[in-house]
Amino acid sequence: MTTFRTLDDADVKGKRVLVRVDLNVPMENGKVTDVTRLERIVPTLTDIAGRGGKVIILAHFGRPKGVDPAQSLKQVVPSLAHVLKRHVAFAEDCIGEVAKRAVDAIKPGEILVLENTRFHKGEEKNDPDFVRALAENGDIWVADAFSASHRAHASTEGLGRVLPGYAGRTMQAELEALEKALGKPKRPVVAVVGGAKVSTKIDLLENLVSKVDALVIGGGMANTFLHAQGVKIGKSLAEKDLAETARRIMAKADKAKCAIILPVDATVAYHFENNAPAFAYGLDAIPSDAMILDVGPQSIERIHGAIDDAATLVWNGPLGAFELHPFDKGTVEAARHAAKRTRDGKLLSVAGGGDTVAALNAAKVADDFTYVSTAGGAFLEWLEGKPLPGVEVLKA
């Protein structure tokens with residue numbers, strides 16, 4: 001396994017520890033509506049505080065163009081304090097005299113949140129002067145925001161070049177789970193990839209076919225592959241101009257001895273709406289005026305069979321229009337089947353991506369998977385085989 005420095009390697013006692021976390025949480029009327037991301041950073045913050053380090057939190061919130069009170073991290077502090085069950089201080093800036101005074105004011109073992117790093121243009125530009133200004137308030141840098149590690153920004157990558165850098169507990173858990181899933185996995189490895197468009201996942205599919213033993217393709221993406229094989233798909237969502245791309249991916253899979261598992265039947269409807277009348281059809285009988293909105297019952301059984309054969313499962317994207325009933329059936333049943341195999345100790349399961357997390361939560365099985373990543377873009381780029389700047393800088 002690629003080794004990277006973790007908190008186990010760091011002496012934090014009496015040190016000013018700059019901790020880059022993900023505080024980009026959903027808000028409504030100035031209140032945090034989902035504390036999942038806050039809960040995930042608790043182990044890192046309490047570890048550093050418990051060992052006598054000054055915990056100085058760096059994070060962004062939203063996409064501000066300059067200073068914007070509506071996107072201030074100040075509004076996240078009460079929820080973070082509640083989750084941590086301890087006082088959390090706040091500074092009105094992340095650099096300069098304001099930040100320095102706030103850092104000097106806290107004692108070892110205490111926690112401080114600095115203002116939104118993206119209030120400064122230098123953050124996203126990874127500007128060396130801004131990196132130095134951030135570094136003036138720290139002795140050590142801890143990266144604990146895997147979700148931002150695909151961006152080479154000042155607080156996510158630049159600090160690792162000027163301060164001793166270490167992976168926080170959340171980052172460490174994510175990297176270890178991903179290594180087990182695709183780095184050095186227990187075989188056979190099966191990937192489930194769904195979603196609406198092939199165009200957004202070409203790099204992902206091309207990387208996976210060279211790494212997994214079987215690839216299940218669902219969602220609107222599957223329609224593009226079926227069309228490429230000459231299946232008449234009616235009015236279904238598909239990127240027909242990518243038929244050649246689909247055929248190229250299938251040829252690459254064949255060469256790599258990766259089985260491509262496409263639907264063998266479909267659940268169709270005439271209207272894209274909740275509780276629309278649904279009908280199961282074989283692929284040779286899709287009505288010309290209907291839409292494929294989910295995999296059919298035979299396809300679900302086939303996917304269950306692929307999961308039964310797997311020792312490792314990687315999942316990104318739903319198998320159908322899961323946000324509409326009854327077109328969530330394929331995704332929910334496959335997710336529950338994978339969850340049971342995981343609970344029984346027969347499967348290592350790693351899932352990620354916004355829609356995927358929402359689908360697993362809807363199926364009430366997110367807690368049963370071995371690891372569920374909340375890092376959308378970073379998780380996808382990792383699946384695509386791309387180096388992540390915020391991880392590369394942590395390598396020992």
What's the extension gain from residue 65 to residue 311 if we count 0.36 nm per residue and subtract their Cα-Cα distance? 83.9 nm
How about segment 314-396: which trypsin sites (Lys or Arg not before Pro) there lie in a loop by DSSP and see at most 10 other Cβ atoms within 10 Å? none
The chain: antiparallel DSSP beta bridges as a percent of all, rounded to 5: 20
Candidates per GluC sites (Glu not before Pro) in segment 267-367, loop by DSSP, up to 12 other Cβ within 10 Å: 273
With the contact rule set at Cα under 8 Å and sequence spacing of 6 or more, what percent relative contact order holds for segment 114-212? 22
Residue-wise HN-Hα coupling along segment 328-345, computed from phi with Karplus coefficients 6.51, -1.76, 1.60 (Hz; x: Gly, Pro): 8, 4, x, 5, 5, 5, 5, 5, 5, 5, 5, 5, 5, 4, 5, 4, 6, x
Taking the Cβ-Cβ separation of residue 176 and residue 136 as r and a Förster radius of 41 Å, what is the calculated FRET efficiency to the nearest 0.05? 0.80
Need the full-extension length gain, residue 392 to residue 232, defined as separation in residues times 0.36 nm minus the C-alpha distance. One decimal, nm. 53.0 nm
FRET efficiency for residue 251 and residue 184, using Cβ-Cβ distance with R0 set to 30 Å, rounded to 0.05: 0.65
Skip the ligands, DNA and RNA, and give the accessible area per residue of segment 316-376 with a 1.4 Å probe, whole Å². 39
Which net charge results for the neighbourhood of residue 122, defined as the other residues with beta-carbon distances under 12 angstrom from its beta-carbon, given Lys and Arg at +1 and Asp and Glu at -1? 0
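How large a share of the accessible area of the chain, in percent, is made up of carbon and sulfur atoms when the probe is 1.4 Å and the other protein chains stay in place? Display every interim value, and only then the final one.
Values: 8540 of 17010 Å².
Its accessible area is 50 percent carbon and sulfur atoms.
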Taking amide H atoms as placed 1.01 Å from N in the peptide plane, list the residues 5 or more away in sequence, or in a different chain, whose amide H sits under 5 Å from that of residue 237. 292
For residue 315, which sequence-distant residues (separation of 5 or more, or a different chain) have an amide H within less than 5 Å of its own amide H, given hydrogens modelled in the peptide plane? 192, 350, 351, 352
If you stretched the chain out fully between residue 270 and residue 86, how much longer would it get, using 0.36 nm times the residue separation minus the C-alpha to C-alpha distance? 60.8 nm
What pairs from 15/395; 184/340; 31/201; 65/395; 255/364 go past 30 Å between their alpha carbons? 31/201; 65/395; 255/364
Proximal charge balance of residue 263 [Cβ under 15 Å; K/R count +1, D/E count -1]: -2
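Per residue, how much accessible area does segment 1-137 have with a 1.4 Å probe, in Å²?
Per-residue value: 49 Å².
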Which of (i) 136; (ii) 127; (iii) 145 gives volume of the Cα convex hull per residue in Å³ as computed here? It is (iii)
Rounded to the angstrom and largest first, Cα extents along the principal axes for segment 301-392 equal 40, 31, 22
Starting from segment 238-319, pick out the trypsin sites (Lys or Arg not before Pro) whose DSSP state is loop and whose Cβ has at most 11 other Cβ atoms within 10 Å. 257
In nm, spacing of pseudo-spin labels at residue 367 and residue 97 (7 Å Cα→C-beta vector): 5.1
For residue 323, which sequence-distant residues (separation of 5 or more, or a different chain) have an amide H within less than 5 Å of its own amide H, given hydrogens modelled in the peptide plane? none
Mean separation of Cα contacts under 8 Å (at least 6 apart) over the residue count of the chain, i.e. the relative contact order in percent, is 16
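The values are calculated or read from the model by the stated rules, or taken from the named source; none is laboratory data. Since the structure is predicted, the reported quantities are computational estimates derived from the model, not experimental observations. Methodologically, a virtual Cβ is constructed for each residue, glycine included, from the backbone with ideal geometry; neighbour enumeration extends over all protein chains shown. Protein only, heavy atoms only, side chains kept; ligands, DNA and RNA dropped before computing areas. Shrake-Rupley method; radii C 1.70, N 1.55, O 1.52, S 1.80 Å.
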